[in-house]
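The values are calculated or read from the model by the stated rules, or taken from the named source; none is laboratory data. These numbers were taken from a predicted model, which means no experiment stands behind them. Neighbour counts are summed over all protein chains in view; Cβ atoms, including those assigned to glycine, are modelled from backbone coordinates with ideal geometry. Each accessible area value is taken on the protein alone, full model and side chains, heavy atoms only, with ligands, DNA and RNA left out. Shrake-Rupley method; radii C 1.70, N 1.55, O 1.52, S 1.80 Å.
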Amino acid sequence: MSSITAEPYRQKRNSLTWLYFLLPSVLIMLIFFIYPVFLTFFYSFTNLALTGESAKELKFVGIDNYIHMFKDPTVRISIWNTLIFLFGSAVIGQQVLGFVIALLMKHKNKLFRRVIGTIVLAGWVTPEIVCALCLYSFFGDEGTLNSGLAFFGIPVVTWLFTVPMLTIILANIWHGTAFSMLVFQAALDDVPSEVEEAAVVDGASRWQVLTRIILPYIKESFVTNMMLVTLQTLGVFGLIYAMTGGGPGTSTTTLPIFMYNQAFVNYQLGYGTAISLLLLLIGVVLSLFYIRSLK
């Protein structure tokens, strides 16, 4: 009877075992993610500041920060710059270039893949600030690019002032393309070679093999990679700040740059946290769009 009575207790204890293993992860998530998000949400409705009268007493100001944000013309410029930077460096740059490199390396020998892979990975493993300084030196007035142009008699161009958005887009492409390349390499390796060979035997061209066999096979990898690259690109700060500082003017001021300027240059932390929630909202909306397209 005692064993029969203890059986339900033993089953209940076994059913709760998974909670013990999950608890550390849940605690880490609560402390380092949920709590900061909640705190940010709370501060966005306050006048939190580091200097001035507002720094003396924390007050609840309702939606004043959000009203000010949507009336601020610099916010609209920052949103537009963020979308341009996102589309240029993530959608067109890293996604397309990463796939093209992975496709060109498909069926190549190990030595070729190792050499090309190492060259591409160099940009990814380089710290963001180091990458920014390298590209700043490349696009600078007396940088490598202008030195090469001057050698061929071409007039020097002030790239960081004439086309600053293009320079930071190219810098981010160089820095992040390797991640997309690795994702697509793994996806392409999973495409059955027998199917490709059968299509070629049946008279399919290389374009038809690509569009009707390879791309449908790896479409889930495309969406997953797009979501990851988008979230990473939305948070790019050090690269832009080191290369242009958001300038000239506001020509490269993205939301992370504008948020930093408001929170830590103008010391308006309440307004800065409201801008950070706008950035978070954009990331959530885009992620939901990618997930929906995946289904």
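Looking at (1) open to solvent by less than 50 Å² (accessible area, probe 1.4 Å); (2) over 28 Å from F184 (Cα atoms); (3) part of a helix (DSSP H, G or I), can you tell me which one T253 breaks?
(3) is the only condition that T253 fails.
Pick out the one residue from I67, I31, I84 that is within 27 Å of Y267 (Cα to Cα), among the hydrophobic types (A, V, I, L, M, F, W, C), assigned to a helix (DSSP H, G or I) and open to solvent by less than 90 Å² (accessible area, probe 1.4 Å).
Details: I31 fails: open to solvent by less than 90 Å² (accessible area, probe 1.4 Å); I84 fails: within 27 Å of Y267 (Cα to Cα).
None of the others qualify; the one that does is I67.
For the stretch 184-211: of the residues being among the aliphatic types (A, V, I, L, M) and touching a Phe, Trp or Tyr at 6+ places or on another chain (Cβ under 9 Å), which is farthest from G247 (Cα to Cα)?
Of the stretch 184-211, the ones among the aliphatic types (A, V, I, L, M) are 186-188, 191, 195, 198-201, 204, 209-210.
Next cut, touching a Phe, Trp or Tyr at 6+ places or on another chain (Cβ under 9 Å) only: 187-188, 191, 195.
Values: A187: 39, L188: 40, V191: 45, V195: 51 Å.
Among residues in the stretch 184-211 that are among the aliphatic types (A, V, I, L, M) and touching a Phe, Trp or Tyr at 6+ places or on another chain (Cβ under 9 Å), the one farthest from G247 (Cα to Cα) is V195.
Listed residues S15, S54; which is at pLDDT below 85, open to solvent by less than 50 Å² (accessible area, probe 1.4 Å) and not aliphatic (A, V, I, L, M)? Explain how you work it out, then say what you get.
Working: S15 fails: open to solvent by less than 50 Å² (accessible area, probe 1.4 Å).
Within the list S15, S54, the selection yields S54.
Name the residue, out of A122, A49, A102, A90, that is more than 30 Å from I214 (Cα to Cα), open to solvent by less than 50 Å² (accessible area, probe 1.4 Å) and of a type in the set (G, A, S).
Details: A122 fails: more than 30 Å from I214 (Cα to Cα); A102 fails: more than 30 Å from I214 (Cα to Cα); A90 fails: more than 30 Å from I214 (Cα to Cα).
Testing whether each residue is more than 30 Å from I214 (Cα to Cα), open to solvent by less than 50 Å² (accessible area, probe 1.4 Å) and of a type in the set (G, A, S) leaves just A49.
Hey, does the stretch 159-171 have a residue that's within 22 Å of the chain's Cα centre (by Cα) and small (G, A, S)?
Yes, the stretch 159-171 contains a residue that is within 22 Å of the chain's Cα centre (by Cα) and small (G, A, S).
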